[in-house]
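Before any comments, here is the structure.
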Amino acid sequence: MNAVETDVLIIGAGPAGLAAAFETASRGLQVTLVDESKSMGGQLVQQTQVLSSLPSIYQPMCGFELAAHLSRQLEDFEIRYLLGHRVIGFYKDGSVGITDEKNVFPLRAKKTIVATGASENAIAFPKWTLPGVMTIGAAQTLMNRNFVQPGKNAVIVGSSDFAMDVALQLSKVGVRIRGIVEKNTGVKANGTEKVEQVRKIGIPILLNSSIKEARGIGAVSEVDIQQGEDIWTEKVDLVCVDGGRSPILDIFYQLGCSFGHQEELGGWVPQYNNDFQTDCENVFLAGNAAGISTQGALLVTGMLAGINVCAALGAISKEAVEEGKQSLWKELESIETRSNLKVWQARNQHIEKFAHPVLKDQFIS
Amino acid sequence: MDKSTIICRCEEISLEEIVEVIANGARTFDDIKRLTRCGMGPCQSKICNCLVAGVIHEQTGMEFHQIPLPRMRMPISPIKLETLATNSTTFSSVKSVLDEVELEDGKVK
């Protein structure tokens, strides 16, 4: 079977993928955009919180508004949309296998931008596999995308900015939050305003604490919370765990990319240079896959990957590339130093280390 | 976490089982996988990967950057064999394990 040909294959239609699609399609490149979801915008679709620290050209807006905006700006271009399609792997000849759940067909791209995003990390405690225990993102999806109230009484494990956002949203739809459990001595969220809001509506934030055990028959019905010497029981039907997020790496692994470890970027991250190009010449990356960051930064990394792919395919003048790269890197610095300085430093360190990757074939076993 | 805590929910592998194989010398996710089936269920280690790395770190003191990723194979997510085979115009015959066994008088040599 002959492979479908395209200039640019973008895997993932979240903020980074859509931003990269605009940069490449608007410069006349033939773009194929694949996402397993039938809708565009990735995780933005269920985000009703206002996104802070967007690039300067954007007004503050909610996630779903940003998703709509990013999709709309692609309307003028001829993009091959493969929504509801999954990448299943790569063939020996370099083509990618894509399925629409009925067929598998090969596609060959000159350049690939991998924007597969992040997955949420689990937190284990006795009986964490009971129904009713879910990630914080799953609770938000149930509530905002499927319009299902995920429970009536909840505890949240973890105190990131995202956990604060979802705590406020859950309260708004009538879920009583019995507490936010944080194992460390301080709240993880950087947004002090949101933490204040959470406290103000009466949600206790429990530091130095953890879930000792969950119980229930067929579904979670209570949890034991431990804070220092104290242990008490809360009756809950929902436990939202926020274990942080890590880049989704399967596709990079299949492509033979090398990885480096950066705690602040979410653990193992593909190696890349300041053109957002991996050690595989034709593979670029963007978004959370290049290190966990804020939505504003994800957009900028998508734009950077897009511009650099245009440069590699000769679709943009050298001056325009340099100018674009410089202003986008400035934007990225401004966003990340403002929202999370450690991420910015880790990203730079990660790029610095690109010249000295960890043993490339350490995973071959 | 007590020792009965499930780490791999797909294959229902407990903390105790993982600690045991680490005590016997397992150091990577793939070591643990081969010895316990941890990570061999439908999610293909997408959920337990970070938990297992945490256990290795706690038990051995190895830093996270010293603990390699599990091997990630095709297909990236589960797919029906029927879907995978569609559009294949030529099927090569599947070599069975038995083809490799040499027989003599109907018995394995």
Expected single match for open to solvent by less than 10 Å² (accessible area, probe 1.4 Å) and either away from chain B (no Cβ under 14 Å) or touching a Leu at 6+ places or on another chain (Cβ under 7 Å) (or both) among A:Ala315, A:Ala286 is A:Ala286
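On the given criteria, is A:Gly218 within 14 Å of chain B (Cβ to nearest Cβ), out of contact with any strand residue (DSSP E or B) (no Cβ under 7 Å at 6 or more places or on another chain), open to solvent by less than 70 Å² (accessible area, probe 1.4 Å) and closer than 23 Å to B:Asp2 by Cα? Full working, then the answer.
Working: within 14 Å of chain B (Cβ to nearest Cβ): no; out of contact with any strand residue (DSSP E or B) (no Cβ under 7 Å at 6 or more places or on another chain): yes; open to solvent by less than 70 Å² (accessible area, probe 1.4 Å): yes; closer than 23 Å to B:Asp2 by Cα: yes.
No; evaluated as a whole, the condition is false for this residue.
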Log entry, pairs with first residue in segment A:69-91 being more than 28 Å from B:Ile76 (Cα to Cα), second being part of a loop (DSSP other than H, G, I, E, B), beta carbons closer than 7 Å, six or more apart or on different chains, reads A:Phe77/A:Ser26
Filtering segment B:38-50 for residues that are open to solvent by 20 Å² or more (accessible area, probe 1.4 Å) and either out of contact with any Phe, Trp or Tyr (no Cβ under 9 Å at 6 or more places or on another chain) or of a type in the set (Asp, Glu) (or both) leaves a count of 7
In segment A:270-283, anything assigned to a loop (DSSP other than H, G, I, E, B) and open to solvent by less than 10 Å² (accessible area, probe 1.4 Å) is listed as A:Gln271, A:Tyr272, A:Phe276, A:Thr278
Contact list, first residue from segment B:1-30 and farther than 17 Å from A:Lys212 by Cα and of a type in the set (S, T, N, Q), second anywhere and assigned to a loop (DSSP other than H, G, I, E, B) and open to solvent by 40 Å² or more (accessible area, probe 1.4 Å), beta-carbon distance below 9 Å, six or more apart or interchain, is B:Thr28/A:Ser365
In the set A:Asp275, A:Asp279, the lone residue that is farther than 25 Å from B:Phe64 by Cβ and not hydrophobic (A, V, I, L, M, F, W, C) is A:Asp275
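Could you identify the single residue in A:Lys200, A:Lys194, A:Lys235, A:Lys188 that is closer than 30 Å to A:Tyr272 by Cβ, of a type in the set (Lys, Arg) and away from every other protein chain (no Cβ under 14 Å)? Steps first, answer last, please.
Details: A:Lys200 fails: closer than 30 Å to A:Tyr272 by Cβ; A:Lys194 fails: closer than 30 Å to A:Tyr272 by Cβ; A:Lys235 fails: closer than 30 Å to A:Tyr272 by Cβ.
Testing whether each residue is closer than 30 Å to A:Tyr272 by Cβ, of a type in the set (Lys, Arg) and away from every other protein chain (no Cβ under 14 Å) leaves just A:Lys188.
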Considering segment A:87-142, residues that are within 21 Å of A:Thr6 (Cα to Cα) and aromatic (Phe, Trp, Tyr), and then whichever is farthest from the other protein chains (Cβ to nearest Cβ), we arrive at A:Tyr91
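Is it true that A:Trp344 is within 14 Å of another protein chain (Cβ to nearest Cβ) and either surrounded by 18 or more Cβ atoms within 10 Å (Cβ to Cβ) or touching a residue at least 40 places away in the same chain (Cβ under 8 Å) (or both)?
No.
Residues of segment A:224-264 being of a type in the set (D, E, K, R) and open to solvent by 50 Å² or more (accessible area, probe 1.4 Å), which ones?
At the first step, the residues of segment A:224-264 found to be of a type in the set (D, E, K, R) are A:224, A:229-230, A:234-235, A:237, A:242, A:245, A:250, A:263-264.
Those that are of a type in the set (D, E, K, R) and open to solvent by 50 Å² or more (accessible area, probe 1.4 Å): A:Glu229, A:Asp230, A:Lys235, A:Asp237, A:Arg245, A:Glu263, A:Glu264.
Can we say A:Gly84 is at pLDDT 95 or above, out of contact with any Lys or Arg (no Cβ under 9 Å at 6 or more places or on another chain) and within 14 Å of chain B (Cβ to nearest Cβ)? Can you show your working first?
Numbers: at pLDDT 95 or above: yes; out of contact with any Lys or Arg (no Cβ under 9 Å at 6 or more places or on another chain): no; within 14 Å of chain B (Cβ to nearest Cβ): yes.
Answer is no for this residue.
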Across (1) open to solvent by 30 Å² or more (accessible area, probe 1.4 Å); (2) free of Cβ contacts under 8 Å to residues at least 24 places away in the same chain, A:Gly267 clears everything bar (1)
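Conditions tested, residue by residue: (1) touching a strand residue (DSSP E or B) at 6+ places or on another chain (Cβ under 9 Å); (2) farther than 20 Å from A:Asn121 by Cβ; (3) open to solvent by 20 Å² or more (accessible area, probe 1.4 Å).
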residue	(1), (2), (3)
B:Ser4	yes, yes, yes
B:Glu11	no, no, yes
B:Glu17	yes, yes, yes
B:Ala23	no, yes, yes
Among residues of segment A:1-24 being surrounded by fewer than 24 Cβ atoms within 10 Å (Cβ to Cβ) and either of a type in the set (A, V, I, L, M) or under 12 Å from A:Thr116 (Cα atoms) (or both), the residue modelled with the lowest pLDDT is A:Met1
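In segment B:42-62, which residues are more than 11 Å from chain A (Cβ to nearest Cβ) and under 20 Å from A:Leu130 (Cβ atoms)? Outline the logic, then answer.
Filtering segment B:42-62 down to residues more than 11 Å from chain A (Cβ to nearest Cβ) leaves B:42, B:56-62.
B:Pro42 - this is the single residue of segment B:42-62 that is more than 11 Å from chain A (Cβ to nearest Cβ) and under 20 Å from A:Leu130 (Cβ atoms).
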With criteria (1) at pLDDT 95 or above; (2) within 10 Å of chain A (Cβ to nearest Cβ); (3) within 30 Å of A:Asn103 (Cβ to Cβ), B:Gly39 comes up short on (2)
Those residues of segment A:29-70 which are open to solvent by 40 Å² or more (accessible area, probe 1.4 Å) and in contact with a Cys (Cβ under 9 Å, 6 or more places away or on another chain) amount to A:Thr48, A:Val50
Restricting segment A:77-99 to residues that are outside any strand (DSSP E or B) and within 22 Å of A:Ser39 (Cβ to Cβ), the one most open to solvent (accessible area, probe 1.4 Å) turns out to be A:Glu78
| said: Among the residues in segment A:251-267, are any more than 30 Å from A:Val50 (Cα to Cα), assigned to a helix (DSSP H, G or I) and within 16 Å of the chain's Cα centre (by Cα)? | reply: yes
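The values are calculated or read from the model by the stated rules, or taken from the named source; none is laboratory data. Being a predicted model, the structure only gives us computed values, none of them experimental. Positions of Cβ are generated from backbone atoms using ideal geometry, with glycine treated the same way; all protein chains shown enter the neighbour counts. Accessible surface is based on the protein model in full, side chains and every heavy atom, while ligands, DNA and RNA are left aside. Shrake-Rupley method; radii C 1.70, N 1.55, O 1.52, S 1.80 Å.
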